[in-house]
Amino acid sequence: MNDLKTIQRNLQEVQARIATAARATRRELSEVRLVVVTKGHPAQAIQNLHDLGVRDIGESYVEEGYVKQVALSGLAGLKWHMIGHVQSRKADVVAANYDMLHSLDSVKLARRLDRFVGEAGGSLPVLLECNVSGEASKYGFPAQDEKNRTALYAEVEEMVKLPRLRIQGLMTIAPLTDSGDEAKPHFARLRELRDQLKLLFDQADWSELSMGMSDDYEAAIAEGATLLRIGTAILGSRPA
């Protein structure tokens, strides 16, 4: 249900658990930002989130997110995060309408984004989506072993030279598991990869780690997540 009281109750519970997880790992709560994922939910759900103080909104489909942006254009302060796979032919829409891309997964897409952002005279914060689990079904730069990472380093070397993209870190999606503890090794692997990239390419930022969803965000916080992508735990299941 997307009614205000239900969303408020769920949001408060998630925020409390985030605070507890941060304290448990001696992290400042300000280091962890909640992005509420609204894929499949109506614009009214975002209106309710805005009324509750939420400003970071995550969408997985370019067009769906854009329709909601138009419908909610009067709401002040919303930050739109594209967290889903982006086809290169839709790079222009992302460049013009989203505040951050979490799922940059190819040099081809990076080049097109850089061109469209440049034409608009701006810049775009991006995160590199990395597949650290090796699952064939997942998008992202292959990064599960040293052989794949060597290829990734060459691609990063090209992408950090693109003038309009601001690489700010990495993103991953952990395998579906029965517990957050099973996801922790994957989050740790992403953090270690980020630390290595920071040493090799210090001209980029690398401060952000987008990892952790409704079932595993506490484990992600323990491994250094700075952006949590949480939808179901706050908004419930997507409407049929």
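Quick notes on this one:
- Meets criteria (closer than 19 Å to residue 234 by Cα, free of Cβ contacts under 8 Å to residues at least 60 places away in the same chain and either assigned to a strand (DSSP E or B) or in contact with a strand residue (DSSP E or B) (Cβ under 7 Å, 6 or more places away or on another chain) (or both)) for residue 46: yes
- Filter pass, residue 30 being among the small types (Gly, Ala, Ser), without any contact (Cβ under 8 Å) to a residue 40 or more places away in the chain, surrounded by 13 or more Cβ atoms within 10 Å (Cβ to Cβ) and within 28 Å of residue 206 (Cα to Cα): no
- Output for region 139-150, where each listed residue is surrounded by fewer than 18 Cβ atoms within 10 Å (Cβ to Cβ) and either of a type in the set (Phe, Trp, Tyr) or under 20 Å from residue 35 (Cβ atoms) (or both): 139
- Summed over region 98-136, residues that are free of Cβ contacts under 8 Å to residues at least 24 places away in the same chain, farther than 26 Å from residue 186 by Cβ and of a type in the set (A, V, I, L, M) total 0.
- Close pairs (6 angstrom Cβ cut-off, 6 or more residues apart or separate chains): surrounded by fewer than 16 Cβ atoms within 10 Å (Cβ to Cβ) in region 79-97, part of a helix (DSSP H, G or I) and aliphatic (A, V, I, L, M) anywhere: 88/109
- Among the residues of region 107-138, just one is of a type in the set (Gly, Ala, Ser), part of a loop (DSSP other than H, G, I, E, B) and crowded, with 17+ Cβ neighbours inside 10 Å, namely 133.
- Restricting region 153-192 to residues that are under 19 Å from residue 207 (Cβ atoms) and without any contact (Cβ under 8 Å) to a residue 40 or more places away in the chain leaves a set whose member that is surrounded by the most Cβ atoms within 10 Å (Cβ to Cβ) is 187.
- Residues in region 1-18 that are among the aliphatic types (A, V, I, L, M), surrounded by fewer than 14 Cβ atoms within 10 Å (Cβ to Cβ) and modelled with pLDDT of 95 or more: 1 in all.
- Only one of 125, 163 that is over 22 Å from residue 35 (Cα atoms) and of a type outside the set (A, V, I, L, M): 163
- Test: residue 109 is under 18 Å from the mean Cα position of the chain (by Cα), at pLDDT 95 or above and under 26 Å from residue 222 (Cβ atoms): no
The values are calculated or read from the model by the stated rules, or taken from the named source; none is laboratory data. Being a predicted model, the structure only gives us computed values, none of them experimental. Cβ atoms come from the backbone with ideal geometry, glycine included; neighbour counts cover every protein chain shown.
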